[in-house]
């Protein structure tokens, strides 16, 4: 959250001094003018490193951005690579990828999946 230091007019809307402003990142990342099929789960849209003019900012931006961003991104890539290499994941039948909008989004139907080894058990243990 930020506070306007003085009266500001933004997009024709007058905001008095000391108005608290909060950016809803979930809505920002679902703008049709910036994202093709914004409600669809498409991780491939970020393969090129383009974040569509800062419309997807899970770690914020600027001098107040999350100091752990780089570490979190590397850690997530390593963890996902190990999981995808060693296991297969299938959503339990009858569940959906729908979500409930909140401060942080959460799965509508919980996130129950079947996890199966992608290789014999002895191979997985020796590679971990």
Checklist entry - If you wrap a convex hull around the Cα atoms of the stretch 1-66, how much volume per residue is inside, in Å³? => result 112 Å³
Next on the checklist: Restricting to DSSP H runs of at least four residues, report the calculated mean residue ellipticity at 222 nm for the chain, -39500 (n - 2.57) per run over all residues, nearest 500 deg cm²/dmol.
Outcome noted: -6500 deg cm²/dmol
Item to check | Label selected from (1) 1.43; (2) 1.02; (3) 1.07, the criterion being Cα Rg over 2.2 N^0.38 Å as computed here | outcome: (1)
Checklist entry - Between the helical axis of 69-86 and the dominant principal axis of the chain, each derived from Cα atoms, what acute angle in degrees is found, rounded to the nearest 10? => result 30 degrees
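Each value in this text was obtained by applying a stated rule to the coordinates, not by laboratory testing. On a predicted model such as this, the values are computed, not experimentally measured, just so you know.
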